[in-house]
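Student: Here it is: the structure, laid out below.
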Amino acid sequence: MRTHYCGHLNVSQLDQTVTLCGWAHRRRDHGGVIFIDLRDREGIAQIVCDPDRPEMFEIAESVRNEFVLKITGKVRRRPAGTENKNMGSGEIEVLCHGIEVLNASVTPPFQLDDDNLSETVRLTHRVVDLRRPQMQHNMMLRYKTTRAFRRFLDAAGFVDIETPMLTKSTPEGARDYLVPSRVHPGEFFALPQSPQLFKQMLMVAGFDRYYQIVKCFRDEDLRADRQPEFTQIDIETSFMSEEQIMMLMEELIRTVFKEVLDTELPTPFPRISHAEAMARYGSDKPDLRVTLELTDVTDAVRDVAFKVFSGPATSGGRVAALRVPGGASISRGEIDEYTKFVGIYGARGLAYIKVNDVTQLNEAGLQSPIVKNLNETALKAIVERTGAVNGDIIFFGADKTKVVNDALGALRSKIGHEKSHLSCETWAPVWVLDFPMFEYDEEAKRWTACHHPFTSPKDEHINLLKTDPGRCLAKAYDLALNGWEIGGGSVRIHKEEVQSQVFRALNINDEEAQLKFGFLLDALQYGAPPHGGLAFGLDRIVTMMTGAESIRDVIAFPKTQRAQCLLTQAPSAVDEKQLRELHIRLRQQQAQTTVEVVKE
C-alpha cells in the first residue's frame, strides 16, 4: 500500500510521487491550507493539502488525530526558513494529491506529546502509549540490540536452541510460578526461572555453544528494576576456561554497544574481586563512575567508649567510613534525609563528622556529637585512612556487615550523583570475580548457594567444601555497568564427585538431590564436558541504552510493581468449568481465597 516510510523521506525523493500510510499525528488548518503530520514507526512527514482539490480537501478537513490514512502526493522542498532540522524529513514536505481514510479513531485517552502522564494511565492504554515517539524509539532500539547480540553469537558459532517453558519445579532461589496439569491431577509444571539445567544438559548433549533470547519467570516481590517475566540472553559453552568465557563475553558487549549506540567501551574492562568490591564500594555491582569509596575502620574503633561503634567492631560486624570531599557544607536537613535513606537498608542511624580543622583531633576541629566519645587514637586513624581534609564530611556505618555494606553502598551512589562526585566516563563496566560459593542462612542454620548449586568452586578450594565452606570461592563472574548488574555466570560443575561434595555442604542429601535435580545428575554421568556460561539481562541493558527511568519503558507489555497487567486486567478469575478440569477448588477463608487440589 505504501512506497516509502514517512521517516525515510528526504531530498533524494524530490519531485517523486510517493504513497504513505500512517497515523495523523497532528492536523493544522492555516487559513485554508491544511497541514497533516503523518506518523509511522520510522518518523513523521509533513503533508500539505491545498483547497484547489476540493474532494481531497474535504476529506482532509474531516481528519482528526490518530486517524489511519493513506496519502499520495509529490515530494517538494519546504519553503526557506520553515525547515525542521529535528526531523529526518524536515527539509521536505508532500503536496497531497489523494487522501484515503483507512480507519477513523475515537479521541485518544491522552495526547502523545503529553509528558505528565501517570504510569497507571499509560499501562492501562498501553497500545496508545506505544505510539508515542519515545516508546517507538525504545522498542526499535531493543530490536536493534537483540539483533546485534544474535549477529555476534551466530558469527561466533553459537546455536540458538529453545528450551521448555513447562518444566519441573526446582525450588532453589526465587519462588516458581506453578501451572496445574489437567492430565495429571494434583501435579504441576513450573515456569522456568532460567534455562540453567537445560543448557547444561545441552552441553552434555554435545552442542558445544548454545544461546537463547528467552523469557524467564520469578514469582517474587517486585522492585523498580524487576518484572515477574523478564528476558535474558542465555549463553553456555563447552571447553572454555573462566578467562576465555569472560573475554568472549566482554567482546560481545563491546560489539553490541558499538553497533547500537556507536559507543566505544573501555578496553579491557577492569576487574575486582567480590571481597574488594564490598570493602571499597559496599556493593557487588559498583558504579565506578562515582569516585567516593568506603574505608574500613573496624579495628580502629574496637576500644572506643562509643558503643554504637565498639559493639559491632567487637562482635563480628563492620564499621566503615565514607568521606565526601567538600561535604562539610551539607546541611543538617540533608543529613536527616540521608539518615532516613540508609534506614531503608536496615541502618539504625547515620553518624557523621564534619572536618573543620584537621590539625585538632577533638571537638574544636571536628564537628559532631560523637567526637567526645572517640579517643584521639581512633580519630587520627579515621582521618588518616579516609584522607580527610578541611571542609570534608565523614559518614559512618556500624552494624552487621551486610547492613553496613548495603546502607553505605547505596549512600555512596546517592551522594556521588547528587553532589557530582563522578568521573568523566559515561559508561563504566567492571567484572566482579571470586564470589563466595556459599552464604550462611542464620534462620535455616545452614549454608546456601550464592549463585546456584551447580557453580564450580575454585580448583584450589575443593578441599574446603568439607572443612570450611565459608572460605570456598567460586568460578563465578558478574558484569556490572554503571551500578547495574547486566550479566552473571559461572563455570559449572561437570564431575559427579565434586557435585556430591557441594550438595553435602548445602545439607542436600542424595534422596533430595535426586528428587530435585535427578534428570541433570543422570545426564552428567554420560561424559559431561567442562562447561560454563553467562546470562545477560536484556531489559536492563536496553533501559540503560535508552536512558529510560524504568525497565517497564523498554518492555512492550509490562506488569506493574504488583505483578498486574493493566491492559488485559491479568491476573483474573477463571470460570468454574476451567477449575473443575484442573481439579482445583477455591475456598474463601476470612476474605482470603485459597486453592486446594481435588483428587477425584
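The values are calculated or read from the model by the stated rules, or taken from the named source; none is laboratory data. Owing to the predicted nature of the structure, the values given are computational and were not obtained by experimental measurement. Note that we place each Cβ from the backbone using ideal geometry, even for glycine, and neighbour counts take in every protein chain shown. Heavy atoms of the whole protein, side chains included, go into the accessibility calculation; ligands, DNA and RNA do not. Shrake-Rupley method; radii C 1.70, N 1.55, O 1.52, S 1.80 Å.
Student: Restricting to region 21-50, what's the tally of residues that are part of a strand (DSSP E or B), among the charged types (D, E, K, R) and either in contact (Cβ under 8 Å) with a residue 12 or more places away in the chain or more than 20 Å from Met87 (Cα to Cα) (or both)? Before the answer, list the steps.
Tutor: Filtering region 21-50 for residues part of a strand (DSSP E or B) gives 21-30, 33-40, 43-49.
Narrowing the set further to residues that are among the charged types (D, E, K, R) leaves 26-29, 37, 39-40.
Keeping just the survivors that are either in contact (Cβ under 8 Å) with a residue 12 or more places away in the chain or more than 20 Å from Met87 (Cα to Cα) (or both) gives 26-27, 29, 37, 39-40.
The number of residues fulfilling the criteria is 6.
Rundown of residues vs (1) out of contact with any Phe, Trp or Tyr (no Cβ under 6 Å at 6 or more places or on another chain); (2) part of a loop (DSSP other than H, G, I, E, B); (3) open to solvent by less than 30 Å² (accessible area, probe 1.4 Å), yes/no style:
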position: Asp52; (1), (2), (3): yes, yes, no
position: Arg64; (1), (2), (3): yes, yes, no
position: Leu69; (1), (2), (3): yes, no, yes
position: Thr72; (1), (2), (3): yes, no, no
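Student: So which residues in region 19-50 are open to solvent by 10 Å² or more (accessible area, probe 1.4 Å) and farther than 16 Å from Arg131 by Cα, if there are any at all?
Tutor: Residues satisfying the conditions are Thr19, Arg27, Arg28, Asp29, His30, Gly31, Gly32, Val33, Phe35, Gln46, Asp50.
Student: Given the conditions (1) assigned to a helix (DSSP H, G or I); (2) free of Cβ contacts under 8 Å to residues at least 24 places away in the same chain, which single one is not true for Cys424?
Tutor: Cys424 satisfies every listed condition except (1).
Student: Taking the options Lys258, Lys285, name whichever one is part of a helix (DSSP H, G or I) and open to solvent by 40 Å² or more (accessible area, probe 1.4 Å).
Tutor: Lys258
Student: Give just the number: which of (1) assigned to a loop (DSSP other than H, G, I, E, B); (2) of a type in the set (Ser, Thr, Tyr); (3) over 18 Å from Gln13 (Cα atoms) does Thr120 not satisfy?
Tutor: If we test Thr120 against (1) assigned to a loop (DSSP other than H, G, I, E, B); (2) of a type in the set (Ser, Thr, Tyr); (3) over 18 Å from Gln13 (Cα atoms), just (1) comes out false.
Student: Within the bounds of region 323-336, is there any residue that is among the charged types (D, E, K, R), in a strand (DSSP E or B) and either in contact (Cβ under 8 Å) with a residue 24 or more places away in the chain or surrounded by fewer than 19 Cβ atoms within 10 Å (Cβ to Cβ) (or both)?
Tutor: yes
Student: List every residue pair whose Cβ atoms sit under 8 Å apart, with the two residues 6 or more apart in sequence or on different chains, where the first one lies in region 138-166 and is under 18 Å from Arg209 (Cα atoms) and the second, anywhere, is among the β-branched types (Val, Ile, Thr) and in a helix (DSSP H, G or I).
Tutor: Going by the 8 Å Cβ cut-off, the qualifying pairs are Ala148/Thr255; Ala148/Val256; Ala148/Val260; Phe149/Val256; Phe152/Thr255; Phe152/Val256.
Student: In region 163-203, which residues are charged (D, E, K, R) and either open to solvent by 40 Å² or more (accessible area, probe 1.4 Å) or not in a helix (DSSP H, G or I) (or both)? So that I can check it myself, show each step before the final result.
Tutor: Let us first name the residues in region 163-203 that are charged (D, E, K, R), namely 168, 172, 175-176, 182, 187, 199.
Correct list: Lys168, Glu172, Arg175, Asp176, Arg182, Glu187.
Student: Continuing with the same structure: Say whether the condition of being surrounded by fewer than 20 Cβ atoms within 10 Å (Cβ to Cβ), under 21 Å from the mean Cα position of the chain (by Cα) and over 20 Å from Asn507 (Cβ atoms) is met by at least one residue in region 435-453.
Tutor: Taking every residue of region 435-453 in turn, none turns out to be surrounded by fewer than 20 Cβ atoms within 10 Å (Cβ to Cβ), under 21 Å from the mean Cα position of the chain (by Cα) and over 20 Å from Asn507 (Cβ atoms).
Student: Can I ask one more? Residue pairs, Cβ under 8 Å, 6 or more apart or interchain, first in region 89-115 and of a type in the set (Phe, Trp, Tyr), second open to solvent by 20 Å² or more (accessible area, probe 1.4 Å) and modelled with pLDDT of 95 or more. List them.
Tutor: Phe110/Val121; Phe110/His125; Phe110/Val128
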